[in-house]
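Asker: My structure is below; once you've seen it, I'll send some questions.
The values are calculated or read from the model by the stated rules, or taken from the named source; none is laboratory data. All of these numbers come straight from a predicted model, not from anything done at the bench. Because the Cβ atoms are built from the backbone with ideal geometry, glycine has one as well, and the counts that use them run over all protein chains shown. Ligands, DNA and RNA are excluded from the accessible area calculation, which covers all protein heavy atoms including side chains. Shrake-Rupley method; radii C 1.70, N 1.55, O 1.52, S 1.80 Å.
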Amino acid sequence: MDVNMSFSNDMDDEYEKLFRRLNPPRVVIDNESSKNATVIRVDSANKHGILLEVVQVLTDLNLIITKAYISSDGGWFMDVFNVRDQEGNKITDEAILDFIRKSLGPESSFTSSMRSVGVIPSMDHTAIELTGSDRPGLLSEVSAVLNHLKCNVVSAEVWTHNTRAAAVMQVTDDETGSAIIDPERLSRIKELLCNLLKGSNMSRGAKTVVSHGITHKERRLHQMMFADRDYERTNDKVSDEKQRPNVTVVNWYDKDYSVVTLRSKDRPKLLFDTVCTLTDMDYVVFHANIDAEGPEAYQEYCIRHIDGSPVKSDAERMRIIQCLEAAIERRVSEGLKLELCTTDRVGLLSDVTRIFRENSLTVTRAEVSTRDGKAINTFYVRDASGYHVDAKTIDSIRQEIGQTILKVKGNPEDLKSSSQESPTRFLFGGLFKSRSFVNFGLVRSYS
């Protein structure tokens, strides 16, 4: 039975490769037709998940998609994207343009819609995936356990939403700097972390997966939190309703489609998040219009389930709405943005976050990375009471750390308009009480 299944999969792969050679994707990049955006057109043979692949490539380059038109009826797929860089300019860097052509054109190496999610073998590190109930200080506890087990976290991404937490980490052995391969040690890591994640909440499960591989962290986090049912709301608050995106789902009976319409405050990676969710839920996008040129983003999708049917019931319709809301809210950010850039050293992260804590600031989100001996860190901070940060407090912190080392990216007054309490704040609230966090390594931003 397994042999036949393997043979069938191999034949499917070979057929896909042949079809791809006969119908190679085509990428056209146009910097002339639009005054303020680079227009990227992708034509390709159609397959489930291809829209996500294209959006993921553009998103990973930190490009901002301001408009998009998608059509994939029949056996052909066509996308047109208007994109800008982070400064709002056209894309003129030839290295980036060449990367887009190679990643999406005939030279691209992807052959499966799940390529960005599947584990790519690696002996450089061990990948750890965690899901469980969120609670104050959880990340500190996880990093302490890994430190005790002589694991060095070289990168990680952590999301929280609706009392749930998920993390994708890459760790190495402290002594060898390579992946951890001893089966007994890996089993011990899984056991301790799983027990830690369960905590006192036995009503919701916890899960720890250890493997030798590389995954697309944000893609996996969407899958993990979706599988963990973070979209199920247990204690809705009336005050939260105004903050939620406006999502509607109606059936277009003449065309046998369901039309999903989404209006939300625009932010980076919004399109990636919604397309991830529709793909994870096994819906196929046949047509779509995206407009994110103003402060509010508008997205419209004509979808069917992968079995060819439109939305069949009110329960299915509500589940789509809940899942799209959750996908958007997972990246909710708030707080004053502080950027730190200095020579990396042991204990730097611990020292900086200790100074924040001593000045009654709470870290709501953090992106910590080290490149070429430099620490390039981004922190989102709020007053421990949940109010906006006082300017005098920031001045005092910058004097202690260094005016040129720590820079403010925004004004304290900007926080007065943030009325929604981000669930991320719950995770990081008790984070820096443990000095062992210096070994945690990288906690990336999710904006």
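Asker: Under 6 Å by Cβ, and 6 or more places apart or on different chains, what pairs join a residue from the stretch 311-340 that is touching a residue at least 60 places away in the same chain (Cβ under 8 Å) with one that is in a strand (DSSP E or B) and open to solvent by 60 Å² or more (accessible area, probe 1.4 Å)?
Answerer: Filtered contacts from the stretch 311-340: Glu339/Lys407.
Asker: Continuing with the same structure: Kindly indicate whether Glu184 is over 26 Å from Glu325 (Cβ atoms), open to solvent by 50 Å² or more (accessible area, probe 1.4 Å), at pLDDT 85 or above and in a helix (DSSP H, G or I).
Answerer: Yes.
Asker: Identify all residues within the stretch 332-344 that are at pLDDT 80 or above and in contact with a Phe, Trp or Tyr (Cβ under 9 Å, 6 or more places away or on another chain); write none if there are none.
Answerer: Within the stretch 332-344, Leu336, Lys337, Leu338, Glu339 meet the criteria.
Asker: For the stretch 274-304, which positions are without any contact (Cβ under 8 Å) to a residue 60 or more places away in the chain, in a strand (DSSP E or B) and not aromatic (Phe, Trp, Tyr)?
Answerer: Glu296, Ala297, Gln299, Glu300, Cys302, Ile303, Arg304
Asker: Tell me, please, whether a residue that is open to solvent by 70 Å² or more (accessible area, probe 1.4 Å) and in contact (Cβ under 8 Å) with a residue 60 or more places away in the chain can be found in the stretch 79-91.
Answerer: The answer is no, given that none of the residues of the stretch 79-91 is open to solvent by 70 Å² or more (accessible area, probe 1.4 Å) and in contact (Cβ under 8 Å) with a residue 60 or more places away in the chain.
Asker: Quick one: in the stretch 148-178, of everything that is assigned to a loop (DSSP other than H, G, I, E, B) and of a type in the set (S, T, N, Q), which residue is surrounded by the most Cβ atoms within 10 Å (Cβ to Cβ)?
Answerer: Out of the qualifying residues, it is Asn162.
Asker: Pick out the one residue from Val284, Val260, Val250 that is modelled with pLDDT of 95 or more, open to solvent by 20 Å² or more (accessible area, probe 1.4 Å), aliphatic (A, V, I, L, M) and touching a strand residue (DSSP E or B) at 6+ places or on another chain (Cβ under 9 Å).
Answerer: Val250
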